[in-house]
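*Asks:* Let me begin by handing over the structure; questions about it come next.
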Amino acid sequence: MQLERILHSQGFGSRKICRSLIRHGEVSVNGEVHDFPFTEFDTDNFTFTVRGEDWQFREKAYLMINKPAHYECSHKPQHHPSVFSLLPAPLLERGVQCVGRLDEDTTGLLLLSDDGQFIHRMSSPKWKAPKVYQVTAKHPLEEAQVQALLQGVQLLDEPAPVAALAAEVVSEHVLHLTLAEGKYHQVKRMLAAVSNRVEALKRIRIGNLDLPEDLAAGEWRWLDAEMLEAVLPVRQP
Ligand code: URA
């Protein structure tokens, strides 16, 4: 693929802007400046540098972010900054979207991608990637509450009771709750339905992918092939 096209596909702006970046000597490959926009490169494992920053060619972008509290999963945030403000410009330019949403006050593992099929599959009810939430409850967790969460609780505006796939009490106030679905405010509504209340909420796992301990709040990371495999949901019968 031509260098100009490569840059354009990776979110560095219009073809014209990419051509100009290249012509101005801002782009290098293997440490060598390439100022001819139409040189062909094999995009397999292709790495390049733009204004001193290293990039790898990726046909599609798959990434995770450790969402901090008080950020909104929206391009048009209303009260807080957008999670997209935590990403470099080329990722926004190539149209990266959140895979589902976390509430403004929820923290933890959030996936983003520009692969529409992937986003659709991760969000479709036909496919289920269980999600694990670390819930800090206002009141001490009681066995009866945990059993009710596992057996199913009736939420307002839902046709049928909603049950957790798993609920592991970690301490008096902390519960790891595994859900198959991602209904609006689901964890908060489920805890309210058993007369408790969510004080803090953090998503710690999607499918078989854990939020890495060394990914600080506000930091993002590319998903490698293994991580991508780990988040892919399985089709429900
Ligand atoms: N459940 C909630 O209540 N909020 C979230 O952000 C995610 C799941």
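The values are calculated or read from the model by the stated rules, or taken from the named source; none is laboratory data. Only a predicted model underlies this, so the values are computations on that prediction, with no experimental measurement involved. Cβ placement follows ideal geometry from the backbone for every residue including glycine, while neighbour counts extend to all protein chains displayed. Protein only, heavy atoms only, side chains kept; ligands, DNA and RNA dropped before computing areas. Shrake-Rupley method; radii C 1.70, N 1.55, O 1.52, S 1.80 Å.
*Asks:* Among the strands (runs of 3 or more DSSP E) confined wholly to the range 15-100, which include 3 or more residues that are surrounded by fewer than 17 Cβ atoms within 10 Å (Cβ to Cβ)?
*Replies:* On the way: elements: 27-29, 47-50, 53-56, 62-67.
Of the strands (runs of 3 or more DSSP E) lying wholly inside the range 15-100, those with at least 3 residues that are surrounded by fewer than 17 Cβ atoms within 10 Å (Cβ to Cβ) span 53-56.
*Asks:* Checking residue 145 against (1) open to solvent by less than 30 Å² (accessible area, probe 1.4 Å); (2) under 20 Å from residue 207 (Cα atoms), only one condition comes out false. Which one?
*Replies:* (2)
*Asks:* Hey, another quick one. Return the pairs, sorted by first residue and then second, in which the second residue is within 7 Å of the ligand (Cβ to nearest atom), the first residue lies in the range 180-194 and is not assigned by TED's automatic domain parsing to the domain that holds residue 156, the beta carbons are less than 8 Å apart, and the residues are 6+ apart or on different chains.
*Replies:* Sorted first by the residue in the range 180-194, then by its partner, the list stays empty.
*Asks:* Do the conditions hold for residue 34, that is, is it within 16 Å of the ligand (Cβ to nearest atom) and of a type outside the set (Gly, Ala, Ser)?
*Replies:* On the way: within 16 Å of the ligand (Cβ to nearest atom): no; of a type outside the set (Gly, Ala, Ser): yes.
No; evaluated as a whole, the condition is false for this residue.
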